[in-house]
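The values are calculated or read from the model by the stated rules, or taken from the named source; none is laboratory data. If you're wondering where the values come from, they're calculated on a predicted model, not measured in any experiment. Here the Cβ positions follow ideal geometry from the backbone for every residue, glycine too, while neighbour counts run over all protein chains shown.
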Amino acid sequence: MQIDVSYQKPQVLQALRYHFISRPEIKLMMILVNVFALLAAGLFAFKLISPLPFLMSSVLWLSMMVAFWLWLPSLIYRRSKTFRDHFTVSLEENHFIIDTEKGRKSWAWREFTNFFETPGFFHLYFDSRSFFLIPKDAFPDSDAIHDARQLMRGKIKKG
């Protein structure tokens, strides 16, 4: 199966948000910060603490959300030339191949450690930090998306 890939910035930013939110360490940090913020709000409401801890928890929560929702996805998008390129992806039985005007790169499916699917993309992971995004809107129809999903499920072992 061969598809032409080009990225649209809003969709890529959303995919990068999914990437960050799916990381176990970030999930844990978000849970802890939310618990701290809720606890501080409750204690402040019952006048058991001064406004400073409540203010600190609110600032911490807000800065974390800005970092993971706005700043980090924008930074990754700006630094990665891949998201501004146009190329062809071939999903073959034994290999994942990218063809650009600069050349060709091929990976065996076993080189991917994990994949997951979001509403707009397939995320193919080489390791916990290196991944490749395949936009679903590059596929001609839902049958092609289903075929790609089945191929990835069969070839990439969930990590």
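Odds and ends about this structure:
- The one condition from (1) under 26 Å from Ala138 (Cα atoms); (2) surrounded by 12 or more Cβ atoms within 10 Å (Cβ to Cβ); (3) touching a helix residue (DSSP H, G or I) at 6+ places or on another chain (Cβ under 7 Å) that Asn94 does not meet is (2).
- Elements of the type strands (runs of 3 or more DSSP E) sitting completely within region 31-126 and holding at least 3 residues that are without any contact (Cβ under 8 Å) to a residue 12 or more places away in the chain: these cover 103-108.
- Residue check, Asn34 more than 21 Å from Glu117 (Cβ to Cβ) and in the same structural domain as Phe139 (by TED's automatic domain parsing): no
- Each residue in region 110-135 was checked for being basic (Lys, Arg) and under 16 Å from Thr82 (Cα atoms), and 1 pass.
- Residue list for region 127-138, filter: out of contact with any strand residue (DSSP E or B) (no Cβ under 7 Å at 6 or more places or on another chain) and either of a type in the set (Val, Ile, Thr) or under 19 Å from Ile26 (Cβ atoms) (or both): Asp127, Ser128, Arg129, Ser130
- Selection of region 139-153 for residues being part of a helix (DSSP H, G or I) and either under 16 Å from Glu92 (Cβ atoms) or touching a residue at least 12 places away in the same chain (Cβ under 8 Å) (or both) yields Ala144, Asp147, Ala148, Arg149, Gln150, Leu151, Met152, Arg153.
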